[in-house]
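Please read the structure below before turning to the comments.
The values are calculated or read from the model by the stated rules, or taken from the named source; none is laboratory data. Only a predicted model underlies this, so the values are computations on that prediction, with no experimental measurement involved. Don't worry about glycine lacking a Cβ; one is built from the backbone with ideal geometry, like all the others, and counts go over all protein chains shown.
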Amino acid sequence: MSERDSFQGRIERYQRDSTPWWPEPKRPSTGAPNVIVVLLDDTGFAHFGCYGSAIPTPNIDRLAAEGLRFTNFHVTPLCSPTRAALLTGRNHHTVGMRGLSNFDTGYPHQLGHVSDHAATMGEVLREAGYATFAVGKWHLCPMEDASAAGPFDQWPLQRGFDRYYGFLDGETDQFHPALVHDNHHVDPPATAEEGYHLTEDLVDRSIGFIHDSVSVRPDRPFFLYLALGATHAPHQAPAEYLARHRGRYDEGWDVARERIHARQLAEGIIPEGTALAPRNPGVEPWEGLSDAARKLAIRLQEAYGAFLEHTDAQLGRLFDDLAAHDILDDTLVILMSDNGASQEGGPFGVLHEMKYFNFLGETPEEALERIDDIGGPHSHTNYPWGWAQAGNTPFKWYKQNTHEGGVHVPLIMRWPTRIPAAEQGTTRDQFHHVNDIAPTVYELTGVTPPTTYRGRDQLPITGTSLAYAIEDASAPTTKAVQYFEMMGHRAIYADGWKAVTRHQSGVSFDDDTWELYHVAEDRSECNDLAAELPDKVAELVALWWEEAEAHGVFPLDDRTIELFGIRFEDHSPHPPSRHYTYRPPMSAMPAQVGAAIGGRSWDLEAKVDRPEGTGGVIYAAGSQTSGLSAVRPGRPAGVRLQLLRRPPRGREQPAGSRRPEPSRRVVPQAGVR
């Protein structure tokens, strides 16, 4: 339909005989709040002070004291799937995000992006008249599309956001991030030496976007999706924050878990009688660790604690700014995590997390050689399993798993206009899931999501609004059933019962062992009733298959790291020759976009003809903590760089193993150093 066809005035030959008409501008309903959704990364159920932690989070605690804490809230076990469900109100398989957006497996449940038949909150709220901003981690577009060459159709600006500032990949260095501003790559505005840190930058940009909007168009409410890099690895914080955490964790994870558990019980964060789950396999008793292992674990947890406290301080700046400009109380704030605490640091923790993903062991003694780098710009750390489980107290297992440690996270909501003063600071215990957030926002803003968007029929929203629980703590949950699946790990919740299985790669799915818990009474999954109630197990497993069929979970797929190589198969956009000619100047190019060297054998030969006395970097890949570079010194010699890789090892390193012989080596030739 053209503008003339939609015109509702009158057009005659002359203006004096004509009647003008202006379309009604898109506006949400009167009283619709601003909306801020803050998403932390790899933050466990017990990491905030208001959920039992000893890590200082006064600003998040203040948010909870002025709002509500939800104590039975669930997500998917991984970042991209949770983000897809959060922004669309549908299950993650349904919208094409079974796993990380790094992968496109050729099936509808793993597109590498969110289906265009599932409009995001950004798209829906923008159509309703909201100004929309995304800041921070995206991780919802195929990584091969993340360069300056695009295509850009799955970048934030093309999925409903007016402005964007952040990073497109799953993680980035907090001191040296790979940044995108709107639709182009940019360098950080300062260096680590000048005091730069990504979280501060993201909050600065959030404040700037809000000021730009409300200063000129105060009639338009805004939606800010602030997805922080914190507290995903690398755990990095300014030096003053690292210093204030020295000595805080010397008693170890066993004592920490017991104290967190006691606080959770005392404050009603978990039901009375909830047991503390036993240590996960591979988590050693603190007192049984070697001195080196304890020293490393303490320093790694200090880095994590400093990172989280620094993040809390930056969120405090955001909330204080909104309050100073009389915006905060007109704003619905939702704060949550995308999954449980990470197991990717292994049994001892790592100075450089990329070693974990490349099956390169590192002993505590070896890591301690650079202990003073931990938490700073020259490290890429992740803490050990023991501290991860402490962050998931009182639960077992971690991120990636469908047990409660992987999927049970904090959720805080603040909006004094809707939350009665008498209810502020209280808790809500109804079972809910991340796909319930979008329908909650729609209900509270009075926005009706479209059945078609840009000519595409929209998948039905399957989440259930939790707005009913705001005013009635005793109301029964309206979320009766929710399935879970991640890399073959599976679970099903139904009316207070949960069946769950931890899948082993290579084992037939039909041979998985299902556990059974009455989580209405056994929140921490300590009392497995499968042997006593086999009929209940069979009932729930059958329900899981029904839900999986209904929501597009099939085919089941337990591939993980090997999927990083799928880009080299027939569907890859890379030319068959795998030959590229790079023509400077070029914008920054994320590592996963260009010719990839990880996980495959390759040779690189560079022949350089330069005038006498000139030199420089010929080829470089990686970051400050891992990678390689070939440098031509100031003499006219050619260079040849060769990288050899042995067949990959098995996926899991046995606890206590020493670092294997490196699986890569660079063979220097003339002019290479």
Filtering the stretch 150-178 down to residues that are over 18 Å from Ala84 (Cβ atoms) and in contact (Cβ under 8 Å) with a residue 40 or more places away in the chain yields Arg163, Tyr165, Thr172, Asp173, Gln174, Phe175, His176, Pro177, Ala178
Determine the pairs where a residue that is among the aromatic types (Phe, Trp, Tyr), located within the stretch 538-564, has a partner that is assigned to a helix (DSSP H, G or I) with Cβ atoms under 8 Å apart, the partner being 6 or more residues away or on another chain.
Phe554/Ala548
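Looking at the stretch 6-52, which of its residues are exposed (fewer than 10 other Cβ atoms within 10 Å of the Cβ) and among the polar types (S, T, N, Q)?
Ser6, Gln8, Gln15, Thr30
Search the stretch 497-526 for residues being part of a loop (DSSP other than H, G, I, E, B) and free of Cβ contacts under 8 Å to residues at least 40 places away in the same chain, and hand back the single one that is surrounded by the fewest Cβ atoms within 10 Å (Cβ to Cβ).
The initial filter retains those residues of the stretch 497-526 that are part of a loop (DSSP other than H, G, I, E, B), namely 502-508, 512-514, 518-526.
Then drop every residue that is not free of Cβ contacts under 8 Å to residues at least 40 places away in the same chain, which leaves 504, 507-508, 512-514, 518, 520.
Details: Gln504: 14, Val507: 12, Ser508: 8, Asp512: 16, Thr513: 11, Trp514: 19, His518: 15, Ala520: 14.
Among those that are part of a loop (DSSP other than H, G, I, E, B) and free of Cβ contacts under 8 Å to residues at least 40 places away in the same chain, it is Ser508.
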Exclusive hit being in the same structural domain as Arg279 (by TED's automatic domain parsing), of a type outside the set (S, T, N, Q) and more than 29 Å from Lys295 (Cα to Cα), set Trp397, Trp415
Trp415
Filter result for the condition that a residue is touching a His at 6+ places or on another chain (Cβ under 6 Å), at pLDDT 95 or above and of a type in the set (Gly, Ala, Ser), over Ala233, Ala237, Ala243:
Ala237
Looking at (1) over 25 Å from the mean Cα position of the chain (by Cα); (2) part of a helix (DSSP H, G or I), can you tell me which one Val441 breaks?
(1)
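Do we find a residue being over 21 Å from the mean Cα position of the chain (by Cα) and either part of a helix (DSSP H, G or I) or more than 26 Å from Gln236 (Cβ to Cβ) (or both) anywhere in the stretch 392-407?
Yes, the stretch 392-407 contains at least one residue that is over 21 Å from the mean Cα position of the chain (by Cα) and either part of a helix (DSSP H, G or I) or more than 26 Å from Gln236 (Cβ to Cβ) (or both).
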Looking only at the stretch 468-485, count how many residues are in a helix (DSSP H, G or I) and either touching a Lys or Arg at 6+ places or on another chain (Cβ under 9 Å) or among the basic types (Lys, Arg) (or both).
1
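Here's the yes/no breakdown for (1) closer than 27 Å to Val500 by Cβ; (2) at pLDDT 95 or above; (3) outside the structural domain of Arg263 (by TED's automatic domain parsing):
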{"site": "Asn72", "(1), (2), (3)": "yes, yes, no"}
{"site": "Val75", "(1), (2), (3)": "yes, yes, no"}
{"site": "Ser80", "(1), (2), (3)": "yes, yes, no"}
{"site": "His92", "(1), (2), (3)": "yes, yes, no"}
{"site": "Val95", "(1), (2), (3)": "yes, yes, no"}
{"site": "Val124", "(1), (2), (3)": "no, yes, no"}
{"site": "Ser147", "(1), (2), (3)": "no, no, no"}
{"site": "Gly150", "(1), (2), (3)": "no, no, no"}
{"site": "Leu179", "(1), (2), (3)": "no, yes, no"}
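Considering only residues that are under 24 Å from Leu202 (Cα atoms) and either part of a loop (DSSP other than H, G, I, E, B) or charged (D, E, K, R) (or both), look in the stretch 1-47 and name the one that is farthest from the chain's Cα centre (by Cα). Spell out how you get there, then give the answer.
Filtering the stretch 1-47 down to residues under 24 Å from Leu202 (Cα atoms) leaves 33-45, 47.
Of the ones still in play, those that are also either part of a loop (DSSP other than H, G, I, E, B) or charged (D, E, K, R) (or both) are 33, 41-45, 47.
On the way: Pro33: 25, Asp41: 4, Asp42: 7, Thr43: 9, Gly44: 12, Phe45: 15, His47: 16 Å.
My answer is Pro33.
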Do the conditions hold for Thr427, that is, is it at pLDDT below 95 and either within 17 Å of Gly67 (Cα to Cα) or aromatic (Phe, Trp, Tyr) (or both)?
no
Those residues that are in contact with a strand residue (DSSP E or B) (Cβ under 7 Å, 6 or more places away or on another chain) and not in a loop (DSSP other than H, G, I, E, B), I need them from the stretch 48-71; list them, please.
Cys50, Tyr51, Ile60, Leu63, Ala64, Leu68, Arg69, Phe70, Thr71
Can you tell me how many residues within the stretch 350-376 are part of a loop (DSSP other than H, G, I, E, B), touching a Ser or Thr at 6+ places or on another chain (Cβ under 9 Å) and modelled with pLDDT of 95 or more?
2
Considering the stretch 302-349, residues that are in contact with a Lys or Arg (Cβ under 7 Å, 6 or more places away or on another chain) and part of a loop (DSSP other than H, G, I, E, B), and then whichever is surrounded by the fewest Cβ atoms within 10 Å (Cβ to Cβ), we arrive at Gln343
The stretch 254-284 - residue that is assigned to a loop (DSSP other than H, G, I, E, B) and of a type in the set (Gly, Ala, Ser) and, of those, nearest to Ala473 (Cα to Cα)
Gly268
